[in-house]
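Chemist: Would you mind keeping the following structure in view while I ask a few things?
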Amino acid sequence: MENEVLPSFSIGQLREMAEIDAGHCIGDDFMMFDEIRDVKLFENPCRVDALAAILCKGGRIRCRINLKEYEITEGMVVVSMPMNIVQVEYGAEDRCRTDFTSCGFILSTRFLKNLHVDMRNVVPLYMQIQNESCIRMREEDIVLLERYYALLRDTVSRHSPHTAEITNGLIAAMIHTFCDVLSTNAAVPSAVHRPVKSRRKMFFEQFMALLDQYHCSERSLKFYADKLYITPKYLSAVIKEVSGRSAAEWVDDFVVLEAKTLLKYSDLSIQEIAYRLNFSTQSFFGKYFKHQTGMSPTEYKTR
């Protein structure tokens with residue numbers, strides 16, 4: 001593993017490594033599968049540059065998404081947002097290669113935007129998925145999604161003059177239905193159920209995109225507010241209204257996740273990690289990390 005960053009995989013790379021039938025793909029933007037032939041691809045932590053949704057049809061598997069542990073069993077759906085950290089865990093007692101059966105799809109952010117679907121615009125659902133990536137589904141909802149999935153699979157594998165248009169329409173319909181089903185099954189916090197004006201949703205979306213890009217070097221709300229041409233006070237108010245959480249909390253979450261990842265999976269020293277995350281000193285980084293997590297970087301690294 002590189003000593004600085006986790007590997008990041010595109011849909012095209014995953015398709016080649018997992019030997020997915022090209023008939024179940026649309027270029028490097030969309031991939032669906034009836035089975036994951038080799039989940040050991042994710043034995044080591046990595047990032048996937050796409051939205052992934054996987055339904056467990058049988059067996060079980062243990063995984064981590066953004067370092068949070070889950071045990072996935074029949075009737076559960078796992079949703080991973082673009083660039084989440086994903087890892088499938090293996091132990092002596094695991095039989096996931098023979099027991100675990102699933103189906104699912106993976107879409108690039110580019111493809112979602114072309115379909116005019118942005119998960120950040122479905123704010124309550126986005127919040128839920130960020131907090132809890134695994135959701136148990138009702139049987140009737142599983143049946144509904146499986147119908148969409150079967151129709152989409154058959155359409156993608158056909159080659160007619162209108163396959164692209166039909167496929168795009170079906171994918172958009174399935175994604176919106178999927179969002180409705182997840183909202184029904186997920187315990188979405190009431191704080192983010194209230195209506196929010198579209199302009200404020202736009203600020204939330206832009207803030208999250210900036211945070212994803214700059215969190216390793218910038219923790220100041222003024223930096224993000226300046227990028228959005230608004231004041232830090234207004235940024236804080238908007239993010240709190242839209243998400244139910246403060247902008248500072250979002251910044252801290254991104255920074256702490258990056259710090260934990262580097263402490264756990266890289267060969268960088270604590271001092272190197274501190275500088276990589278733009279802390280002026282190792283001591284300052286240590287105090288920040290302990291304030292956020294309740295333990296020192298050394299304690300977290302060696303536990």
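The values are calculated or read from the model by the stated rules, or taken from the named source; none is laboratory data. Computed from a predicted model, the values in this text were never measured in an experiment. Methodologically, a virtual Cβ is constructed for each residue, glycine included, from the backbone with ideal geometry; neighbour enumeration extends over all protein chains shown.
Chemist: Which one of the conditions (1) modelled with pLDDT of 85 or more; (2) surrounded by fewer than 16 Cβ atoms within 10 Å (Cβ to Cβ); (3) over 23 Å from residue 133 (Cα atoms) does residue 246 fail to meet, given that it meets all the rest?
Modeler: (3)
Chemist: Still on this structure: I need the full set of residues from region 281-303 which are among the small types (Gly, Ala, Ser) and either within 19 Å of residue 248 (Cβ to Cβ) or in contact with a helix residue (DSSP H, G or I) (Cβ under 7 Å, 6 or more places away or on another chain) (or both), in order please.
Modeler: Result: 286, 294, 296.
Chemist: Something else about it: When region 49-62 is examined, which residues are found to be β-branched (Val, Ile, Thr) and closer than 13 Å to residue 31 by Cα?
Modeler: Scanning region 49-62 gives a single hit, 54.
Chemist: Pairs please, first residue from region 158-176 and over 15 Å from residue 147 (Cβ atoms), second anywhere and part of a helix (DSSP H, G or I) and hydroxyl-bearing (Ser, Thr, Tyr), Cβ atoms under 7 Å, 6+ apart in sequence or on different chains.
Modeler: 163/155; 166/155; 167/155
Chemist: So which of 299, 218, 258, 241 ends up being out of contact with any Asp or Glu (no Cβ under 8 Å at 6 or more places or on another chain) and surrounded by fewer than 16 Cβ atoms within 10 Å (Cβ to Cβ)?
Modeler: The conditions single out 299.
Chemist: Being more than 23 Å from residue 84 (Cα to Cα) and among the hydroxyl-bearing types (Ser, Thr, Tyr) narrows it down to one of 298, 293, so name that one.
Modeler: Criteria check complete, one pass: 298.
For every residue, the table says whether it meets (1) in the same structural domain as residue 47 (by TED's automatic domain parsing); (2) touching a residue at least 12 places away in the same chain (Cβ under 8 Å); (3) at positive phi.
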{"position": "205", "(1), (2), (3)": "no, yes, no"}
{"position": "244", "(1), (2), (3)": "no, yes, yes"}
{"position": "253", "(1), (2), (3)": "no, no, no"}
{"position": "257", "(1), (2), (3)": "no, yes, no"}
{"position": "298", "(1), (2), (3)": "no, yes, no"}
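Chemist: Being exposed (fewer than 13 other Cβ atoms within 10 Å of the Cβ) and in contact with a strand residue (DSSP E or B) (Cβ under 7 Å, 6 or more places away or on another chain) is the filter here; which residues of region 145-178 pass it?
Modeler: None; the set is empty.
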